[in-house]
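Note sheet for the following structure.
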Amino acid sequence: MKKLFTNSYHGKTIHFFLSVLLLALPGCQSESLEIVAPYKIKLNVAAESNVPKVGQSVWVDLQLVTDSYYSETGYQLVFFQETGLGRLRQDTIPVPQKVGVPLPLGKSRWMFTPAAAGDCKVVLVAMQERGYTRPDTVRLNFQVKP
């Protein structure tokens, strides 16, 4: 059988097509394409105070801008803390850490309430839901007083 497969014309033809198939197969299995649009998003942030007291809420004004006409919706804000304790909310809705929540294009007001004294570093990441643009990351530093 091995002799027939490697020495005959038909065996060499089958061997050639199997080789081509094995080389082409990995390229066909790639289902995800990384598509990044040429436009950018930018998150501008202004905090009411960088020295709040424990339990004292601080207004954080966000402005999401883009140079795209593609979409005015479909953006998310991801919030987490590198150091310190606290909570972020929009109006009365709490924002869980490391979970994307809807972020409107343009201006919006958020409220951060620190829960412990000391250095508190808050990270805000603005991104498009479908990931067509590169996210923009902003870090806020609060010196929370007791």
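Just so it is clear, none of the values below were taken in a lab; they were calculated from the coordinates. Since the structure is predicted, the reported quantities are computational estimates derived from the model, not experimental observations. Reconstructed Cβ throughout: ideal geometry from the backbone, glycine too, with neighbour counts over all protein chains shown.
For the range 74-124, filtered to residues that are of a type in the set (Val, Ile, Thr) and touching a Leu at 6+ places or on another chain (Cβ under 7 Å), the residue that is nearest to residue 146 (Cα to Cα) is 122.
Are any residues in the range 95-121 more than 19 Å from residue 75 (Cβ to Cβ) and in a strand (DSSP E or B), and if so, which ones? Of everything in the range 95-121, those that are more than 19 Å from residue 75 (Cβ to Cβ) and in a strand (DSSP E or B) turn out to be 111, 112, 113, 114, 118, 119, 120, 121. Looking across the range 131-146, the residues that are part of a strand (DSSP E or B) and surrounded by 13 or more Cβ atoms within 10 Å (Cβ to Cβ) come down to 136, 138, 140, 141, 142, 143, 144. Filtered by the rule that a residue be over 17 Å from residue 44 (Cα atoms) and surrounded by 14 or more Cβ atoms within 10 Å (Cβ to Cβ), the range 59-71 gives a lone residue, 71.
Anything in the range 109-128 that is surrounded by fewer than 16 Cβ atoms within 10 Å (Cβ to Cβ) and under 18 Å from residue 48 (Cβ atoms)? List them, or say none. Once the filter is applied, which keeps residues that are surrounded by fewer than 16 Cβ atoms within 10 Å (Cβ to Cβ) and under 18 Å from residue 48 (Cβ atoms), the range 109-128 yields 109, 115, 121.
Could you count how many residues in the range 72-91 are crowded, with 16+ Cβ neighbours inside 10 Å and farther than 16 Å from residue 45 by Cβ? Within the range 72-91, residues that are crowded, with 16+ Cβ neighbours inside 10 Å and farther than 16 Å from residue 45 by Cβ number 2. Residues that are among the basic types (Lys, Arg) and under 22 Å from the mean Cα position of the chain (by Cα) were ranked within the range 36-85; the one that is farthest from residue 111 (Cα to Cα) is 40.
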